[in-house]
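K.L.:
Provided herewith is a single structure, encoded as structure tokens, for subsequent inquiry.
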2 protein chains.
Amino acid sequence: MKSKLKEISALEGIQSLLEWDQHVYLPQGATNARKEQMEALARVLHSRQSDPVLGEYLEAMSSVTDLSEHGFSEIELASVREAYREYKRAVGITPELQARAAALKVRAAVVWKKAREVNDFSMLAPYLQEWIEVLKEEAAAAAPEISPYDYCLDKFDRGTTTEKLDEVFTLIKEPLRVLLRRISAKSRPDRQFLQSMDLFSGSFSVETQKRLARRFAEEIGFCWDNGRLDESAHPATFFISGPLDVRLTSRFSETDLVAGIRASIHEAGHGLYEQGRNLKAYQEGLPVSRSAGMGIHESQSLLWERVVAMSEEFWDHYWPMILRSYSSLPNSKAEDFYKVINEVRPSLVRVEADEVSYPLHIVLRYEIEKNLFNGSLRVEDIPAVWNQKMQEYIGISPAKDSEGCLQDIHWAVGYFGYFPTYAIGAIYAYQLFDAAEIELPDLRKNLKQGVFAPLREWLRVKVHNTGSLYETPDELIKSITGRAIDPACFLDHLSNKYSGIYDLPSTDSRELILSR
Amino acid sequence: MKSKLKEISALEGIQSLLEWDQHVYLPQGATNARKEQMEALARVLHSRQSDPVLGEYLEAMSSVTDLSEHGFSEIELASVREAYREYKRAVGITPELQARAAALKVRAAVVWKKAREVNDFSMLAPYLQEWIEVLKEEAAAAAPEISPYDYCLDKFDRGTTTEKLDEVFTLIKEPLRVLLRRISAKSRPDRQFLQSMDLFSGSFSVETQKRLARRFAEEIGFCWDNGRLDESAHPATFFISGPLDVRLTSRFSETDLVAGIRASIHEAGHGLYEQGRNLKAYQEGLPVSRSAGMGIHESQSLLWERVVAMSEEFWDHYWPMILRSYSSLPNSKAEDFYKVINEVRPSLVRVEADEVSYPLHIVLRYEIEKNLFNGSLRVEDIPAVWNQKMQEYIGISPAKDSEGCLQDIHWAVGYFGYFPTYAIGAIYAYQLFDAAEIELPDLRKNLKQGVFAPLREWLRVKVHNTGSLYETPDELIKSITGRAIDPACFLDHLSNKYSGIYDLPSTDSRELILSR
């Protein structure tokens, strides 16, 4: 059984290499040829994942009520659980359905690009409709015991349900809207000076940015013996060979000093998770070495990007290095830089959103997805609902759909259920950081000195190496922090941080916490 | 059947991508993980190549005596022939034998590296012995109708036999030895000046070399929409997706102006062959679109590297560009550069050998391989025979095996039968160039003007696009040049070229031709 699981893991790594290559180095004339290679490999992989012999093994092992009596370790038990779960999902998806989804993905991605260009949602609508049908069919076959949208959520983040998200998002929605409104109402006396730093429209050597990005990735612990950083149109992380080969990509712009470095640290956070996987379990082909889902994965990237690298402590240490690297920067303090990069400014575009409004972009998408799947929203009504919710949650509304419901590729490629992981990850990130601070009292002092090993090793043991030992991310989080997902902790952090930056009356902050 | 062949072709392309990635970008800590991915993919590929359903189709089609009566085209007939040939080879190799060979390849490559470092052939000897046994077993299963060494030759170059090589190598061996001796006896009056150009121990910006290499690849017609050029420790060409994705790698040294550019043009020659493949046949998965074997492949790389890019005409056009690129070069003529890069100087090392002595390095290896397989030479006697033949053919002999029989990795990885393609390719190259010159009277004038399209298009139609339509490379060569492989043509060219460079009496040259 291990050899079969190991083969699946090897083929998945190959699949990831094909994707990475397509992302960074594929000659443009080879796009279709690569598509055929991906399809051929997907067929092979699916036949291995749904191999009936593997299924019999797994079923037999799962039916024994107490495998630990038979001398199996906790790690092996979790591996059987994970492998059986994946096997059942794979057998549910027929080759025909798989082929239909693959073809739809390619066609809809092309249409989405065009629709966004010409600002015409109606072009994309029939494809989204077809995705919903395909995913419902897939859900009915692969996981008839849960609702189709819960199946979509669970695909990216095991155990995530509409019930959980409804609860979490209800808790954060109102307080974030309140905080956002208070920040927006506040005019900052130092605004003009901060703008004069010109961090987002200056001229910053890309070579130097790349050097800095590599430096930061390395400082937080990314290991080049088992990974790479290349450039690509969209930052991403590719898992080629478990902890042994993890590839980051980032994007740098001459005019923007911050975006490329932030993206690189974000991806390096994903990379650290992968590099910290249980090597022995990986080498034995045991699925337990895999991440605990995309929510936890996102918590790792956001912990490093937002909690660490957007903190004042971090820049206390590194701002002088940036100043040395770019002589054109005006003389300024770490605190100035900290304030600029943490500016809260409502944006129409999710990927450009600040930390406070970002979760509201997600809540909006989640509510639309949920209602599409439960039948209370029709695809053609997406634009109207989108615009109305934008106004309601974030206070601005797009003049055209290309800056609204056409901005993300996710739905066009069938990634319904993915968006929530971004917000859930942000909540986990602060919750994990808090738990780390209890066990590592010098944590903030360390950040001020550019010392990251204690935090990284703590995460390595608690999160990275634990993989998917627990059945759900919440169980993992509970085992580490003593409680399940905790939106209050997230709100506390944001309220304190931005009350400080925007000099909000402390009563505001207290009131905000009470209002949840 | 086409869909099965297409799947095989897609999986082979993936295999090639894994190799390319290993060559250029794989993090060093992922070597073993990549090995496991390669093994997993090899098993999948082998199961597809030996798929009994495919075999039944192919057998049925092959047994019909006149498929053309059934409306099949010449291209489809050749595809059935090629596919059936490959199928029969694949079924001969059991998964056990394949696994044994794969493991041996990895182990022996490591031992070879070590043996070469410590200069101890006896470390490697048992592995070579095992390779001979493995290959004999493989040959007996896959092609019992021919001798094991003929099977090895045929693996890399369809239809190549000991009989053919004995004949060809006997014809060239003595004339090349005579030419080499005459050149060596000749002292050149301009030697000191040529050495002062310092082309192989100077200081030449690698960035500029890379730019020039890309320029030359492009000038001869390599298309970046369907290919790449990256750096690697060993120059090579990888066939990722037929004509749509061909990847060259090259190596550049700060001190050597010539090697990196030569290697890049060589690989671009391979690349042109692949980019010129029959696109329609490739897209239908028809094996006829593949190259006519490694001998013809090498003829394409050598035609561009040696016949074109080491000609005086070529440098008439490009030498000024080189002079402009490197201001440190002494004022000198294209003719000087031509003479330096074509210097004949016996070398112990094959890859550093000049054009005249190179085939003798191959003849030596061929004779050793042949005798190992027919039992007239024992593995432990390789070093003695190697050194004696070096002295006899090239006039020098290594003081240590690391510069002798341990210099090449080929045998350690089981590539017995590969070396001859290098010499055969050189002969084809000149023969094809001669045929092109008859049909393109302006050919040399074109080279003087940096105009390569007519030659490239001629090769595209005659060689690249024809693929493996003919059953053997000699049939292809005959269809183009009117005769089978012609060593006399090769000797003529070398004799004329080097008589000119070394100012040999013209009687020498005539005598040399007669002596064949």
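K.L.:
Under the convention of a label 7 Å out along Cα→Cβ, give the distances in nm from A:Asp442 to the same position in every other copy, shortest first.
P.N.:
Relative to the other copies, A:Asp442 has label-point distances of 7.8 nm.
K.L.:
Let me ask something else. Every other copy gets compared here: list the nm distances from the B:Gly500 label point (7 Å along Cα to Cβ) to its counterparts, shortest first, one decimal.
P.N.:
Once sorted, the set of distances for B:Gly500 reads 7.8 nm.
K.L.:
What do you reckon, how do A:Ser232, A:Ser327 stack up by accessible area (1.4 Å probe), largest on top? Before the final figure, lay out the partial values.
P.N.:
On the way: A:Ser232 15, A:Ser327 115 Å².
So, going from the largest accessible area down, we get A:Ser327, A:Ser232.
K.L.:
Relative contact order for the range B:2-148: what percent, with Cα pairs under 8 Å and sequence separation of 6 or more?
P.N.:
Values: 76 pairs, mean separation 30.6, N = 147.
With pairs under 8 Å counted, the relative contact order is 21 percent.
K.L.:
Counting every Cα pair in the range B:80-207, what percent are over 18 Å apart?
P.N.:
More than 18 Å apart: 73 percent of the Cα pairs in the range B:80-207.
K.L.:
Under a crude label model (7 Å from the Cα following the beta-carbon direction), how far is A:Glu380 from B:Asp66 in nanometres?
P.N.:
Taking the simple label geometry, A:Glu380 and B:Asp66 are separated by 6.3 nm.
K.L.:
Averaged per residue, what accessible surface does the range B:151-193 expose to a 1.4 Å probe, in Å²? Before the final figure, lay out the partial values.
P.N.:
Details: 2120 Å² over 43 residues.
On a per-residue basis, 49 Å².
K.L.:
A follow-up question, please. Pairwise over distinct Cα atoms, reciprocal of the mean inverse distance: report the Kirkwood radius of the protein assembly as shown in Å, one decimal place.
P.N.:
On the way: mean 1/r = 0.0308 Å⁻¹.
Hydrodynamic radius (Kirkwood, Cα pairs) of the protein assembly as shown is 32.4 Å.
K.L.:
Once you charge only the Cβ atoms, +1 for Lys and Arg and -1 for Asp and Glu, what is the size of the charge dipole of the protein assembly as shown about its Cα centre, to the nearest 20 debye?
P.N.:
On the way: 122 positive and 152 negative charges, 321 e Å.
In debye, rounded to 20, the protein assembly as shown gives about 1540.
K.L.:
Per DSSP H run of n ≥ 4, the term is -39500 (n - 2.57); total these for the protein assembly as shown, divide by its residue number, and report the mean residue ellipticity at 222 nm rounded to 500 deg cm²/dmol. Working shown, then result.
P.N.:
Numbers: 46 runs with 643 residues, N = 1032.
For the protein assembly as shown, the value works out to -20000 deg cm²/dmol.
K.L.:
Multiply the residue gap between B:Ser205 and B:Arg251 by 0.36 nm, knock off their C-alpha separation, and tell me the result in nm, one decimal place. If you can, show how the numbers build up before the last one.
P.N.:
Values: separation 46, 0.36 × 46 = 16.56 nm, distance 1.31 nm.
Length gained between B:Ser205 and B:Arg251: 15.3 nm.
K.L.:
Among DSSP beta bridges whose residues both lie in the protein assembly as shown, state the antiparallel percentage, nearest 5. The partial results should precede the final answer.
P.N.:
Numbers: 12 of 24 bridges.
About 50 percent, rounded to the nearest 5.
K.L.:
Which FRET efficiency, nearest 0.05, do B:Ala109 and A:Ser187 yield, Cβ-Cβ r, R0 60 Å? Don't skip to the end; give the middle numbers.
P.N.:
On the way: r = 69 Å, r/R0 = 1.14.
Efficiency at R0 = 60 Å is approximately 0.30.
K.L.:
Going by the rotation axis that takes chain B to chain A, pick out the residue of B with the closest C-beta and quote the gap in whole Å.
P.N.:
B:Val44, 3
K.L.:
Work out the length of the dipole vector of chain A about its Cα centre, built from +1 on the beta-carbon of each Lys and Arg and -1 on the beta-carbon of each Asp and Glu, and round it to the nearest 20 debye.
P.N.:
On the way: 61 positive and 76 negative charges, 176 e Å.
Dipole magnitude for chain A comes out near 840 debye.
K.L.:
For the range B:1-137, divide the Cα radius of gyration by the Kirkwood radius and give the resulting Rg/Rh value with two decimals. Could you put the intermediate results ahead of the total?
P.N.:
Values: Rg = 19.2 Å, Rh = 17.6 Å.
Ratio value, two decimals: 1.09.
K.L.:
Output the antiparallel fraction of DSSP beta bridges having both residues in chain B, as a percent to the nearest 5.
P.N.:
Here the share of antiparallel DSSP bridges comes out near 50 percent.
K.L.:
So, one more: Suppose all protein chains stay in the model; what accessible area per residue would a 1.4 Å probe give for the range B:2-148, in Å²?
P.N.:
On the way: 7030 Å² over 147 residues.
On a per-residue basis, the range B:2-148 sits at 48 Å².
K.L.:
How do B:Ser73, B:Ser184 stack up against each other in accessible area, from largest to smallest, with a 1.4 angstrom probe?
P.N.:
B:Ser184, B:Ser73
K.L.:
Within the range B:223-371, what percent of beta bridges assigned by DSSP are antiparallel, to the nearest 5? Don't skip to the end; give the middle numbers.
P.N.:
Values: 6 of 12 bridges.
Taking every DSSP beta bridge with both residues in the range B:223-371, the antiparallel ones total about 50 percent.
K.L.:
Also, I was wondering about something else. Interface size between chain A and chain B, please: total buried accessible area, 1.4 Å probe, rounded to the nearest 100 Å². If you can, show how the numbers build up before the last one.
P.N.:
Details: alone 22010 and 22040 Å², together 41280 Å².
Between A and B, the summed buried area is about 2800 Å².
K.L.:
Between the range A:198-232 and the range A:281-298, what is the separation of their alpha carbon centroids in Å?
P.N.:
26 Å
K.L.:
If we hang a label 7 Å off Cα along the beta carbon direction at A:Pro454, how far is it from the matching labels on the other copies, in nm, shortest first?
P.N.:
7.7
K.L.:
Between B:Ser332 and B:Glu231, what is the FRET efficiency for a Förster distance of 30 Å, r being their Cβ-Cβ separation, to the nearest 0.05?
P.N.:
Values: r = 28 Å, r/R0 = 0.94.
It comes out at approximately 0.60.
K.L.:
With the other protein chains left in place, how much accessible area per residue, in square angstrom, belongs to the range B:406-516 at a 1.4 angstrom probe? Present the calculation step by step, with values, prior to reporting the outcome.
P.N.:
Working: 4190 Å² over 111 residues.
Heavy-atom accessible area per residue stands at 38 Å².
K.L.:
Another question about this same structure. Please list, or write none, the aspartates and glutamates whose alpha carbon is within less than 15 Å of the alpha carbon of B:Lys113, excluding same-chain residues fewer than 8 places away.
P.N.:
Cross-link targets: B:Asp401, B:Glu403, B:Asp408.
K.L.:
Next question, about the same structure. Determine the relative contact order of chain A: mean sequence separation of Cα pairs under 8 Å and six or more apart, normalised by residue count, in whole percent.
P.N.:
Working: 723 pairs, mean separation 106.9, N = 516.
Relative contact order of chain A: 21 percent.
K.L.:
Ok, one more. Could you compute the net charge surrounding A:Gly293? Neighbours are other residues with a C-beta less than 15 Å from the C-beta of A:Gly293; K and R count +1, D and E count -1. Don't jump to the answer; show the numbers that get you there.
P.N.:
On the way: positive: A:Arg81, A:Arg85, A:Arg89, A:Lys155, A:Arg158, A:Lys164, A:Arg277, A:Arg290, A:Lys478; negative: A:Glu82, A:Glu86, A:Asp150, A:Asp154, A:Asp157, A:Glu274, A:Glu298, A:Glu471, A:Asp474, A:Glu475.
Local charge sum for A:Gly293: -1.
K.L.:
How big is chain A by the Kirkwood estimate over distinct Cα pairs, in Å?
P.N.:
Numbers: mean 1/r = 0.0414 Å⁻¹.
Mean inverse Cα-Cα distance, inverted, gives 24.2 Å.
K.L.:
So, one more: List the residues of the range A:219-233 whose accessible area drops by at least 20 Å² when all protein chains are present, compared with their chain alone, using a 1.4 Å probe and counting only protein heavy atoms.
P.N.:
Residues of the range A:219-233 that lose at least 20 Å² of accessible area once the other chains are added: A:Asp225, A:Arg228.
K.L.:
Longest segment of chain B with no GluC sites (Glu not before Pro) in a DSSP loop having at most 14 other Cβ atoms within 10 Å? Please list the in-between numbers first.
P.N.:
Details: sites that count: B:Glu145, B:Glu254.
With a cap of 14 other Cβ atoms within 10 Å, the longest stretch comes to B:255-516.
K.L.:
For A:Lys6, give me every one of the lysines with a C-alpha distance below 19 angstrom, ignoring sequence neighbours fewer than eight places off in its own chain.
P.N.:
Filter leaves A:Lys88, A:Lys280, B:Lys35.
K.L.:
Still on this structure, please answer the following. Roll a 1.4 angstrom probe over the protein heavy atoms and tell me the percent of accessible area of the protein assembly as shown that is carbon or sulfur. Working shown, then result.
P.N.:
Working: 20860 of 41280 Å².
The nonpolar share, carbon plus sulfur, comes to 51 percent.
K.L.:
Quick test of the membrane-span-like rule: which DSSP H helices of chain A reach at least 18 Å along their long axis (C-alpha atoms) with mean Kyte hydropathy at least -1.0? Walk me through the numbers on the way to the answer.
P.N.:
Numbers: long enough: A:2-24 (33 Å, -0.41); A:31-49 (26 Å, -1.08); A:74-92 (27 Å, -0.69); A:95-118 (34 Å, -0.05); A:121-142 (30 Å, 0.35); A:162-185 (34 Å, 0.08); A:206-219 (19 Å, -1.26); A:259-275 (23 Å, -0.38); A:312-325 (19 Å, -0.76); A:358-374 (25 Å, -0.14); A:420-439 (29 Å, 0.43); A:487-502 (22 Å, -0.07).
Helices meeting the span and hydropathy rule in chain A are A:2-24, A:74-92, A:95-118, A:121-142, A:162-185, A:259-275, A:312-325, A:358-374, A:420-439, A:487-502.
The values are calculated or read from the model by the stated rules, or taken from the named source; none is laboratory data. What you see is a predicted model, and the numbers here were worked out from it, not measured in a lab. No Cβ is skipped: glycine too gets one built from the backbone with ideal geometry, and neighbour counts run over all protein chains shown. The accessibility values were calculated without ligands, DNA or RNA, using every heavy atom of the protein model including side chains. Shrake-Rupley method; radii C 1.70, N 1.55, O 1.52, S 1.80 Å.
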